[in-house]
Amino acid sequence: MMLDRIMERHRETLILLRRNRKIKAGASILAVILAIAVIGPYTTEYGPLEYTGAIGEPPSSRHPLGTNTFGYDLYSQVVYGLRSSILIGLLGGILATAIGVLIGFISGYFGGIIDELLMMLTNIFLVIPTLALLIIIAAYIEHRGILIESVIIGLTSWPWTARAVRANTLSLRNREFVYLARMSGMPTRSIILREIAPNMLSYIIMVFILQFGGAILYAVSLDFIGLGPTKGISLGVILQQAVLWNAVQLGMWWWAIPPGLLIALLLTSLYVINTGLDEVLNPRLRRQG
Amino acid sequence: MGLIRYIGKKAVIYLATFFVAVTLNWAIPRFMPGNPIGILLSRFATLPESAEVMYSYFTQAFGLDKPLYEQYINFWRALLNGDLGVSIYLYPQKVRDIVLEALPYDIVLIVPAVIVSWIVGNWLGALASTNRRLDNILMPIFYFLTASPYFWMAIVLAWVFTVTIPIFPPSGAYSPGISPSLSLSFIVDFLKHWILPFLSLLLVMLGGWAIGMRNMIIYELESNYSRYMEALGAPNRLILRYAFRNAMLPQITGLALQIGLAVAGAITTEIVFSYPGLGYLMLQAIQNQDYFLMQGAFLVIVIMVLISNFVIDIVYAIVDPRVRYTYTGETG
Amino acid sequence: MVAQALLEVRNLVKVFKSGMMGREIVAVDRVSFNIEEGEILSLLGESGSGKTTIARMILRLLKPTSGDILYKGRNIWKLKGRELIEYYRQVQGVFQDPYSSFNPIHKVDRPLLQALKNLQGIEGSEALKIIRETLRKVGLNPDEVLGKYPHQLSGGQLQRVSIARALLVNPKLLVVDEPVSMLDASTRIDVLNIFADLRDNEGVSILMIGHDISLSYYISDRIIILYKGSIMEEGETDAVLGSPLHPYTKMLIESIPRIEEKWGRKSRIRLDVDQKPTAMSGCKFLDRCPHAFNMCTRKPNLIRKDNRKIACWLYKNNYNQDIA
Amino acid sequence: MELLRVEDLHVYYLTLRGYVRAVDGVTFTLTKGEVLGIAGESGSGKSTLVNYIILPKPPMVRVKGRIYYKGLELTGLAREELGKIRYKGISIIPQYAMDSLSPTKKVKRIILDLARGRSREDLIEKARERLKLVNLSERVLDMYPIELSGGMKQRVVMVISTLLDPDVLIADEITSALDVTTQRAVLEMIRDFKETGIIKSVIFVTHDIAALYQIADRIMVMYAGKLVEIGDADGVVGNPKHPYTRALIESLPRIGVRYKVKRLKGIPGSPPSLLNPPRGCRFSPRCSEALEKCRFEEPPETLVDGRRVYCWLYSR
């Protein structure tokens, strides 16, 4: 009876995915924000670092988000900045997920001394505060671009993923169908790729969503401290400038509030989607009634 | 017995972490691509005075003429003597002194923010888990709070409470002209400066705790012991109390992970309010390319995080009976 | 020595270690036995007896801590490459849980096709023909199961597909780990009949791991009673279960609920009172044994006694016939 | 005295694909002093039936039927009212007994909380005595569940569930996860508890007819959500009337029965899906004695040798 019910859930997963309110709401917000990042730059006549002649002007029809002290159009800055922040998030998120999955998988699948060493390493990097580590790394890099920034973020934020993936792998590795694959003479490579990996896919997607959000957050924080891309614009850089030039104290809220709001909404949508997925895949979290 | 074993195991991990952090701190300037040492050296040209003293210290600390392993040993030796080098930007002050002066500001900010957010967040989360209507209202707010970058929350608070309704000072730890003392006027002044950075940290962390607690309780309420209690007619309140207790335990472990994030939050928040903690210090160091100061701050942050993690682990081991028994080696 | 046994297990030990500083658990403690050709041997034990661990070691899924497993005289842990493929062509297994024996994301055809392809080098329509034949042999209608996902089949059907997978390569030895314990009573017996037929018609040897005494009684030729990783009693089914000697075997048989008669007033069953790990030095059954006496603090060896082997100090007059 | 009466109960599960008709028209009574056994294979609805009796909640939905406890109708009663009847009136040892105790509370605390409103000393004293009855030391009271083995935890749950001397004790598959030796001990404890009057009556649910036979006074056999046969234990086991019961009992190997001597036969096929159960008798697709009629019309209740049987063979 119990087993039958478990199997039933499997069939229901797809239906539940489509019905989940959290996933629907989160995906809608995410879609809008992504659309802004993609289309936004084509909807403005100003470059992000182009002097417009209007200095410190509040939002108007000409400048939907106003201009800052240097005469830059903030709408342009935000849409371009959003684009690069998302790009860093994607690259950093992918890298962090990849490293975490790789380490977690090797650790869980092969076990033994490899496992103990990798987990020691993971636990160590889990405790070292990531942002502090990022700061001392970034500070020594002379020319920082989007790529470098996402690489160092990816290299420092994988540990929790490794730990989670390891647990996931362990439970899959000792499933009978994996044993049977071994007894059917299947090569290790195809056992991993065809039997185990597909079962981890939904989990890895959830991990990636969180890593994507995490990378964006680390990137804006680095930018904000002044260790962002040495050239170009990002949401973090806009905020750094805003604080550096006392935007808030000078009453220019349009300089400092919208970029952060956008980040917060983007991350909210990611977290909400993730929780929705979790509810679908982990029925104990579902609310009854 | 189990307790000691558990704590011992944790201590080993933290010592190893400290070792790795120090090693990274040593290695990054030496092995980063793009000749970071060169950058460092070039800084001496801009030193206002006594470049020579600085240079000799530098060669001693970095011992660039010596083999790597010797450089490494010397680095440790200096560290264990409490020598973190000399600041370039605040020359000739010692990095250790500068950092130790900034550290209390972080502690007064982070520790209360973490504790209060933990308590209030868990309480709100538990409330949301039992009340459907409240849940629907509160959850989106919690998600938004936890998704906000700390420094942006700081900016919002600054805009509301220092500009729109100017009731709090916009920057610093206390007003210029007042010197630190235990007088009431100083304390009030200090708290006025402290409240906004504190609130920034509090609000963002609160969201995360509340979400975690709410989900854990719902998870626990679906557990077999909850079903059993319900089958025996236990009132909701009682079942909830049991669920709350079990849901709280992972939240304590979460506390350990949160410390690292809180530090990140504090670093950026302090920048918004020019609050003179390690974060603000780091910003100064970065802007002035004062690498010794930066690295010293990093080490102190790591040590602080390690100590708090260790404290949390001990608390956890005392609160959760499972730790004691799984580490005694008696069962499974 | 007469003819060589099909499979020989010698002094097998498995110790599980939990973590770097965790304590050690001895799951299998110096176990030796043989499997002869064309017999069904039952390894009977309760949870924690180490029976599944032994099965997994024989299937080469778990490495023994020490001791040897010899298949046709060759140490199975020294096999490599082609030899290993050959081993799995001759030795196959079936597990307890039919649901986790199949990957939820693949159709049930896949493991069948894979086994034929990797072990026999047979693919395509030839493979399909063999698969259909084998499915029929285990009492399934191939059209009802092929092309289906695991969740579309019942536990009983899946378990039969799992057995079919093992049979595809015509193995000499089948290791079946609690093959019917998750099936409904009404379908169990037919699965057991498949095993008995395999032995009778094709001479396949079967090692059946189980905890249900009546099921083992029904089909096995010989029985080994395991308790906490050690063999308590071993011999022909009728001897061991018909006239048990070891106090543990007696207790087991006394505990079976029988459909033909009700239990007497009160049993003398002693339960594990404490969680203390049994002292390694003495008899594992010591703390629950109604006949325990001072000798029992030392570990009894497995000795030959009439028509069986037994590890119990009550029968120590045969001490000199100690088996190595 | 009648303690429990279930009348034509239909309990369905609401799933995304429709209603799973887990319990579909079951009627029975339980009288004081008896052990009623409910036997059935997976998907027979036996667990749903008893779980609905003690804890009706979604996704279980009552479509039809009534439940009476000592003449009081339970169906439709408010949650708080039901809460008062649970434990003292109707109690349960659940299937998941081994993890029914919160891991972070001491056994003593759990007992005091669950049996709240009674004198602390009395409860502890009583718990001590009862622990002795199930071969546990009173030290267990001061232990956390994590310190106990699975079997010990189950016995602790047994003590907790029966501590208030319930009128009806539901035992749901409590022996299926146990080793044979422990199983006998647990069955004997349940029997002793009933005979010494600690519990007034028992509903014992299991898939293991042989185990059931050892302690049940009456046995009720379920198949695919329906009652198939109900009567005294010796009759049902020794002389089963319904073809399902008969085939089920014949498929059980007995000690002494060897394959070589007597080849047993199982029941071909598998139980139907309860989302869309077959018309007529639900066992008819697997029944070797099925008549034409069986496939279209539900068999009525028939009395055979004082036993209720639902089969067309007995009511032509």
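The values are calculated or read from the model by the stated rules, or taken from the named source; none is laboratory data. Nothing here was measured: the structure is a model prediction, and the numbers come from that model. Every residue, glycine as well, gets a Cβ built from its backbone with ideal geometry; the counts of neighbours run over all protein chains shown.
For this structure, a couple of remarks:
- Flag if residue B:111 is facing chain A (nearest Cβ under 9 Å), surrounded by fewer than 24 Cβ atoms within 10 Å (Cβ to Cβ) and either β-branched (Val, Ile, Thr) or not in a helix (DSSP H, G or I) (or both): no
- Counting only residues that are in a helix (DSSP H, G or I), in contact with a helix residue (DSSP H, G or I) (Cβ under 9 Å, 6 or more places away or on another chain) and either touching a residue at least 60 places away in the same chain (Cβ under 8 Å) or polar (S, T, N, Q) (or both), segment C:181-240 holds 12 of them.
- Selection from segment D:13-59 of residues that are of a type in the set (Lys, Arg), crowded, with 22+ Cβ neighbours inside 10 Å and away from chain C (no Cβ under 14 Å): D:21
- Scanning segment B:155-209 for residues that are of a type in the set (Phe, Trp, Tyr) and in contact (Cβ under 8 Å) with a residue 24 or more places away in the chain yields B:161, B:168, B:194, B:198, B:209.
- Number of the condition not met by residue B:189 [criteria: (1) charged (D, E, K, R); (2) buried (at least 17 other Cβ atoms within 10 Å of the Cβ); (3) within 14 Å of chain A (Cβ to nearest Cβ)]: (3)
- Enumeration of residues in segment D:234-293 that are in contact with a Pro (Cβ under 9 Å, 6 or more places away or on another chain), closer than 18 Å to residue D:209 by Cα and within 8 Å of chain C (Cβ to nearest Cβ): D:247, D:248, D:249, D:264
- Matching residues in segment A:226-244 - criterion: being touching a residue at least 40 places away in the same chain (Cβ under 8 Å) and in contact with a helix residue (DSSP H, G or I) (Cβ under 6 Å, 6 or more places away or on another chain): A:227, A:228, A:229, A:233, A:234, A:235, A:236, A:237, A:238, A:242
- Selection within segment D:60-98 - among the hydroxyl-bearing types (Ser, Thr, Tyr) and either out of contact with any Leu (no Cβ under 8 Å at 6 or more places or on another chain) or surrounded by 19 or more Cβ atoms within 10 Å (Cβ to Cβ) (or both): D:69, D:75, D:87, D:91, D:96
- Any chance residue C:194 is under 22 Å from residue D:248 (Cβ atoms) and assigned by TED's automatic domain parsing to the domain that holds residue C:302: no
- Candidate set: segment D:134-155, residues that are in a helix (DSSP H, G or I) and at pLDDT below 90; chosen: the one surrounded by the fewest Cβ atoms within 10 Å (Cβ to Cβ): D:150
Matching residues to (1) free of Cβ contacts under 8 Å to residues at least 24 places away in the same chain; (2) within 10 Å of chain B (Cβ to nearest Cβ); (3) buried (at least 21 other Cβ atoms within 10 Å of the Cβ); (4) assigned to a helix (DSSP H, G or I):
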| site | (1), (2), (3), (4) |
| --- | --- |
| A:180 | yes, no, yes, yes |
| A:222 | no, yes, yes, yes |
| A:246 | yes, yes, no, no |
| A:268 | no, yes, yes, yes |
| A:271 | no, yes, yes, yes |
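- Filtered residue count, segment A:57-77, keeping only those that are surrounded by fewer than 24 Cβ atoms within 10 Å (Cβ to Cβ) and assigned to a helix (DSSP H, G or I): 1
- Taking segment B:125-152 as the range and being in a helix (DSSP H, G or I) and among the hydroxyl-bearing types (Ser, Thr, Tyr) as the test, the residues that pass are B:129, B:130, B:143, B:146, B:150.
- Of note, residue C:152 does not satisfy the criterion of being within 20 Å of the chain's Cα centre (by Cα) and within 12 Å of chain A (Cβ to nearest Cβ).
- Extreme residue, modelled with the highest pLDDT, among residues of segment D:113-125 that are among the aliphatic types (A, V, I, L, M) and within 13 Å of residue B:229 (Cβ to Cβ): D:114
- Residue count for segment C:115-144, restricted to those that are closer than 30 Å to residue A:189 by Cβ, of a type in the set (Gly, Ala, Ser) and either touching a Pro at 6+ places or on another chain (Cβ under 7 Å) or not in a helix (DSSP H, G or I) (or both): 1
- Of all residues assigned to segment B:166-181, at least one qualifies as being away from every other protein chain (no Cβ under 13 Å), in contact with a His (Cβ under 8 Å, 6 or more places away or on another chain) and of a type in the set (Phe, Trp, Tyr).
- Which numbered condition residue A:188 misses (of (1) surrounded by 17 or more Cβ atoms within 10 Å (Cβ to Cβ); (2) out of contact with any Leu (no Cβ under 9 Å at 6 or more places or on another chain); (3) farther than 20 Å from residue A:81 by Cα): (1)
- Test: residue in segment D:60-77 that is in a loop (DSSP other than H, G, I, E, B) and within 11 Å of another protein chain (Cβ to nearest Cβ): no
- Residue C:57 satisfies every condition listed in (1) part of a strand (DSSP E or B); (2) at pLDDT 95 or above; (3) out of contact with any helix residue (DSSP H, G or I) (no Cβ under 6 Å at 6 or more places or on another chain) except (1).
- Members of segment D:78-95 that are in a loop (DSSP other than H, G, I, E, B), out of contact with any strand residue (DSSP E or B) (no Cβ under 9 Å at 6 or more places or on another chain) and closer than 24 Å to residue D:47 by Cβ: D:87, D:88
- Condition met for residue B:243 (crowded, with 24+ Cβ neighbours inside 10 Å, farther than 30 Å from residue B:170 by Cβ and among the small types (Gly, Ala, Ser)): yes
- In segment D:114-133, the residue that is nearest to the other protein chains (Cβ to nearest Cβ) out of those that are outside any loop (DSSP other than H, G, I, E, B) and either under 26 Å from the mean Cα position of the chain (by Cα) or crowded, with 18+ Cβ neighbours inside 10 Å (or both) is D:114.
- Residue match in segment D:281-301 (condition: of a type in the set (A, V, I, L, M, F, W, C) and outside any loop (DSSP other than H, G, I, E, B)): yes
- Residues of segment D:199-212 satisfying the condition of being buried (at least 21 other Cβ atoms within 10 Å of the Cβ) and either of a type in the set (Val, Ile, Thr) or free of Cβ contacts under 8 Å to residues at least 60 places away in the same chain (or both): D:199, D:202, D:203, D:205, D:206, D:209, D:211
- The residues of segment C:65-89 that are touching a strand residue (DSSP E or B) at 6+ places or on another chain (Cβ under 6 Å) and part of a strand (DSSP E or B), listed by number, are C:66, C:67, C:68, C:69, C:70, C:71, C:75.
- Pair list, Cβ under 7 Å, 6 or more apart: segment A:124-149 residue facing chain B (nearest Cβ under 7 Å), other residue assigned to a loop (DSSP other than H, G, I, E, B): A:130/A:157; A:135/A:227; A:139/A:227; A:140/B:32; A:141/B:32; A:141/B:34; A:142/B:34
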